[in-house]
Amino acid sequence: MENQQGDSVGCSEVINSDFQLEFMDEEGVPTNTSCEQIKVESLIEKLFYVFLKKAEIDPEAPVLHRDLHLAYLKHSLCYLPHNFACLDASRAWLCYWITHSMELLDFKLPAEDKSHVAQFLAKCQCPDGGFGGGPGQYGHLAPTYAAVNALCTLGTEEAYKVIDRRKLLQFLWSLRKSNGSFELHVGGEIDVRGVYCAVSVARLTNIYSDALFDNSAEWIISCQTYEGGFSGSPGHEAHGGYAFCALAALCLLSKENLCDIKSLLRWTVNRQMRLEGGFQGRTNKLVDGCYSFWQAGAMPMIQGILSKNDESSVMTEIDSWLFNSRALQEYILIYCQSPNGGLIDKPGKTKDLYHTCYTLSGLSIAQNQPSKTTGSIVGSPRNLLKAVHPTFNIELEKLKSASLYFSQLPSDLL
Amino acid sequence: MEGSSSEEGEDVNWTFYRDREEWADLKPVPQDDGPHPVVAIAYSEKFRDVFDYFRGVLKVHELSERALDLTRDAVELNPGNYTVWQYRRQILKHLDKDLKEEMAFVAEMISAFPKNYQVWHHRQVLVSWLNDASDELQLTAKMLALDAKNYHAWQHRQWAIRTFNLFQNELEFIEKLLNDDIRNNSAWNQRYFVINQTTEFAPEVIEKEIAYVLSKIKIATKNESSWNYLRGIVLHSESGLRKPSVIDFCDELYNSGNRSACLLSYLVDAALEQAEYGVVKENSLLSIDKALELCDNLANEFDVCRRGYWNYISGCLRVHMN
């Protein structure tokens, strides 16, 4: 396993360490967890040698298949086959996953298409102010978050103007519980996604008020588990998706100091898989490309918090992410690209728009280190994606423009 | 799921709502995607027909038996449609339906779609309405037998246990799962939940739990789940990570040549904790020098993937030198 080209070949993380050492050690106790893990590792090992062959011919490998991913995204924006009917209540999400992925890939969506997406999302907005998963559906916080993020990503005045901020604020109030948590829709379930989606859209559109989120930070903190991560609601298991929502919400509430940041850091870095390089969502679960964002995306926030309270400036002197950003890029580029475009959870799975969005978002985080040091991009330099703001998961420039637009509108609407 | 349906959801024996006499009075409402639809799904004819009539019912706010049947067809076509579920609950309430039948239906739906938010939420609402959780432990046990880490199943189980005080046999249930798979992190989490909600962390409970988890760590020293549980428990004791009995255990394990990243990482954190409390113990396993050496071993040999993290922790340790 010679690494002839130094770091430019990529895969250096795996090549430099002894591959065999990183395999699951069952210690003579095979269980369902270890058997499933070993299956994934064998597949990764096989694909790794396939990749090495490819890298011998192509010094730029691994390459991000931009055109293939874009073709998949463009096609999906117009037409989805009948088996997408199970996502009929997630069409606002589909708009976000597609437009955000396109933005990261630096594709300029034609003005006409932007207008069509904005008009469609307007149809998803309910009389009560929230956005539904599709036209005529009840308002729900998750598609509301998705729609607002998609509209900000479109970045046109027409798109911004779709959002009825006064009604959106009423909608948020209608879902707030006295303990500071939010239900996802009227009569729906309560978990930490609710408060994250609520505070994210409130901050973005400049309708935030302290009263709306009274007790919310304390409720979120009650979801931090003994492992260090956060669960969906108090008592449950720490989980990457919920941990992201919890941490991002705390940051948006300016209450990030309430959480046990060192245990969150430890839990998060330990979710990165030693052989695969990608992240798992929970302790002893399998790698999944979507956690490239949910877990790695937490790191800029975690390191930001540590820097703020850094009397001894240990963190301030660190100019890279505390997870292994090269190993994560390798996982995404080598193992998560579907040959015909689109990205996947793990080898053997089929592509979908959710995984395309979140693997690309994670790739962007991994590439865009706090200080741009040489060699922070795995493979071809053309693999570089646009940078995202980790708290909202919106491309940086698009976030700036949207924030500027909404900051000029009155925040006191009630 | 009645009848046989092909991949497109087309069904030989299916009668479209538009062809049903008993529905002739209701005006179907087509989906309004606007003039330029995006993310347009190529719905099957059946899907389109059912949802056109669902929108029709929703528009005139009809709360009837036939509307109830219609919502069943709709959620079977798309169990993720929270609007249909919410409307179905409104109808159930309005008609004062026998909820036992609905419980059987949602149990079927849970079996068919075990990772769907809406089916589990529907179940929770029904159990609340009935104020009867007598079937919940069995249902969740059945679902956990199929997937021992199903997050929704654990959530529902915890909710039922907490709301209806069903803690009695839960530790035995967990014990069984941990005997099946010592690496099942959900089961470890459930153990913490039960202790936290029942005996809490009285000194004798801490001792008992430490003895339990150490016996499990001995079996699989690289199992992060049990190490994390250990950390969770000792934080309730006055001496924290530095609890002497635990450090003795680690000492012995380390001296036997074990270099599990979990073990080394525990020792590093214990040393850091000791340093932060201002206690300096030279030449012990918890000295800063030893901890720096362990960080170095982790970064270069036993946990190479997390080298950046271990270098950061080394920096934190160095602050306490001198």
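When restricted to residues that are farther than 20 Å from A:Gln369 by Cα and in a loop (DSSP other than H, G, I, E, B), the range A:274-317 contains 13.
Name every residue in the range B:220-244 that is in a helix (DSSP H, G or I) and within 9 Å of chain A (Cβ to nearest Cβ), in order of residue number. Residues satisfying the conditions are B:Glu224, B:Ser225, B:Asn228, B:Tyr229, B:Arg231, B:Gly232, B:Ile233. Among the residues making up the range A:365-394, those that are in a loop (DSSP other than H, G, I, E, B), touching a residue at least 40 places away in the same chain (Cβ under 8 Å), within 20 Å of A:Arg326 (Cβ to Cβ) and of a type outside the set (S, T, N, Q) are A:Pro370, A:Gly375, A:Ile377, A:Val378, A:Gly379, A:Leu385, A:Lys386, A:Pro390. Among the residues that make up the range A:395-413, is at least one of them assigned to a loop (DSSP other than H, G, I, E, B) and within 14 Å of chain B (Cβ to nearest Cβ)? So far as the range A:395-413 goes, no, none of its residues is assigned to a loop (DSSP other than H, G, I, E, B) and within 14 Å of chain B (Cβ to nearest Cβ).
Considering the range B:194-214, the residues that are acidic (Asp, Glu) and assigned to a helix (DSSP H, G or I) include one that is nearest to B:Trp227 (Cα to Cα), namely B:Glu209. Residues that are touching a Ser or Thr at 6+ places or on another chain (Cβ under 8 Å), more than 14 Å from chain B (Cβ to nearest Cβ) and either modelled with pLDDT of 95 or more or under 30 Å from B:Leu230 (Cα atoms) (or both): does the range A:229-247 have at least one? Checked the range A:229-247: no residue is touching a Ser or Thr at 6+ places or on another chain (Cβ under 8 Å), more than 14 Å from chain B (Cβ to nearest Cβ) and either modelled with pLDDT of 95 or more or under 30 Å from B:Leu230 (Cα atoms) (or both). Restricting attention to the range B:41-54, the residues that are within 7 Å of chain A (Cβ to nearest Cβ) and in contact with a Lys or Arg (Cβ under 9 Å, 6 or more places away or on another chain) total 1.
Of everything in the range B:197-219, what is away from every other protein chain (no Cβ under 14 Å), within 29 Å of B:Ser256 (Cβ to Cβ) and among the small types (Gly, Ala, Ser)? Give them in sequence order. The one that is away from every other protein chain (no Cβ under 14 Å), within 29 Å of B:Ser256 (Cβ to Cβ) and among the small types (Gly, Ala, Ser): B:Ala211.
The set of residues in the range A:197-225 that are surrounded by fewer than 22 Cβ atoms within 10 Å (Cβ to Cβ) and within 14 Å of chain B (Cβ to nearest Cβ) contains only A:Ser222.
Of note, A:Gln137 does not satisfy the criterion of being more than 23 Å from A:Glu189 (Cβ to Cβ) and either free of Cβ contacts under 8 Å to residues at least 40 places away in the same chain or facing chain B (nearest Cβ under 7 Å) (or both). Those residues that are surrounded by 24 or more Cβ atoms within 10 Å (Cβ to Cβ) and assigned to a loop (DSSP other than H, G, I, E, B), I need them from the range A:257-272; list them, please. Passing the criteria: A:Asn270, A:Arg271. Contact map, the range B:36-47: residues that are over 9 Å from A:Leu77 (Cα atoms) paired with residues that are among the small types (Gly, Ala, Ser) and outside any helix (DSSP H, G or I), Cβ distance under 7 Å, separation 6+ or inter-chain. Pairs shown: B:Ser44/B:Gly9; B:Lys46/B:Gly9; B:Phe47/B:Gly9.
The residues of the range B:192-221 that are among the small types (Gly, Ala, Ser), closer than 19 Å to B:Asp248 by Cα and surrounded by fewer than 19 Cβ atoms within 10 Å (Cβ to Cβ), listed by number, are B:Ala211, B:Ser215. When you scan the range A:180-196, how many residues do you find that are in contact with a Ser or Thr (Cβ under 6 Å, 6 or more places away or on another chain) and either buried (at least 21 other Cβ atoms within 10 Å of the Cβ) or not in a loop (DSSP other than H, G, I, E, B) (or both)? Total satisfying the criteria: 3. A single member of A:Ala249, A:Ala217 is assigned to a helix (DSSP H, G or I) and out of contact with any Phe, Trp or Tyr (no Cβ under 8 Å at 6 or more places or on another chain), and it is A:Ala217. Take the residues in the range A:50-81 that are in contact (Cβ under 8 Å) with a residue 60 or more places away in the chain and within 14 Å of chain B (Cβ to nearest Cβ); name whichever of them is farthest from A:Ile344 (Cα to Cα). Among them, the one singled out is A:Ser76. Would you mind stating whether A:Tyr291 is more than 26 Å from A:Arg203 (Cα to Cα), among the hydroxyl-bearing types (Ser, Thr, Tyr), touching a residue at least 40 places away in the same chain (Cβ under 8 Å) and buried (at least 24 other Cβ atoms within 10 Å of the Cβ)? When the stated conditions are applied, A:Tyr291 does not pass them. The condition of being without any contact (Cβ under 8 Å) to a residue 40 or more places away in the chain, within 11 Å of chain B (Cβ to nearest Cβ) and under 27 Å from the mean Cα position of the chain (by Cα) holds for A:Lys123. Sub-6 Å Cβ pairs linking a first residue in the range A:311-324 that is in contact (Cβ under 8 Å) with a residue 24 or more places away in the chain and more than 7 Å from every other protein chain (Cβ to nearest Cβ) to a second residue that is surrounded by fewer than 22 Cβ atoms within 10 Å (Cβ to Cβ) and small (Gly, Ala, Ser), at least 6 apart or interchain, are A:Asp319/A:Ser371, ordered by first then second residue. Residue check: is A:Tyr331 within 30 Å of A:Lys167 (Cβ to Cβ) and aromatic (Phe, Trp, Tyr)? It is false that A:Tyr331 is within 30 Å of A:Lys167 (Cβ to Cβ) and aromatic (Phe, Trp, Tyr).
The values are calculated or read from the model by the stated rules, or taken from the named source; none is laboratory data. Bear in mind that the values here come from a model prediction, so they are computed numbers and not experimental data. Neighbour counts run over all protein chains shown; Cβ positions are idealised from the backbone, glycine included.
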